[in-house]
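The structure appears right after this line, and notes come after that.
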Amino acid sequence: MLAAGEIDALTGTQHPHPHPDVAPLFPDARAVERDFFLRTRIFPIMHVVVIRRDLYGREPWVAENLFQAFVDAKNLALARMHKGHPYMLPWVHEDIHEIAELFGGDPYPYGIEANRPTLEALVGYMTEQHFIPRTMPVEELFVPVDKALR
């Protein structure tokens, strides 16, 4: 669709099939993202999990249990990553060391404080682009989670 001119741009986690008329916006996206993170402490959030307000009102334990399940799963994935498995990448260990250096070992930390610069930028952009009526403290976006889980 890019090559045919049906769409002007594409965002995603995978590169489109090579074509002479299709090129990345940033040829060295890794360097651009790294520099942006170093300057702003903003790194793209990969996913957001949402619980319906009515469910949380009836069953508030769901939020903490779901949060803990994601923490446990991520800890397992990080442990596997640090062993270099199951990746068959030639420089995986150097990449893991770079992640440890740049992000303190976890490029996708959970919690408000760990993501405050990114979340505050998001709220600012959403207000600026009229997706939300006012700027609000990021704490208003999330239900309280037991401090032991943070």
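Read-outs: derived from the displayed coordinates by stated rules, not from any lab. None of these values were measured; they are calculated from a predicted model. Please note: Cβ atoms are built from the backbone with ideal geometry, for glycine as well, and neighbour counts cover all protein chains shown.
Using DSSP to call loops (not H, G, I, E or B), can you name the trypsin sites (Lys or Arg not before Pro) in the range 7-53 whose Cβ has at most 15 other Cβ atoms within 10 angstrom? Sites meeting the loop and neighbour criteria: Arg41, Arg52. Among the GluC sites (Glu not before Pro) within the range 25-119, not one is in coil by DSSP while having at most 14 neighbouring Cβ atoms inside 10 Å. What FRET efficiency would be calculated for the residue pair Ala3, Asp28, taking the C-beta separation as r and a Förster radius of 30 Å, to the nearest 0.05? E between Ala3 and Asp28, to the nearest 0.05, is 0.85. Applying the criteria of a DSSP loop state and at most 11 other Cβ atoms within 10 Å to the chymotrypsin sites (Phe, Trp or Tyr not before Pro) of the range 86-135 yields Trp91, Phe131.
Once the C-beta distance of Val143 and Asp35 is scaled by a Förster radius of 35 Å, the resulting FRET efficiency is 0.55 to the nearest 0.05. How many angstrom lie between the Cα centre of the range 65-144 and the Cα centre of the range 41-64? Cα centres, the range 65-144 to the range 41-64: 14 Å. For the chain, the relative contact order is 20 percent, taking Cα pairs closer than 8 Å that sit 6 or more residues apart in sequence and dividing their mean separation by the residue count.
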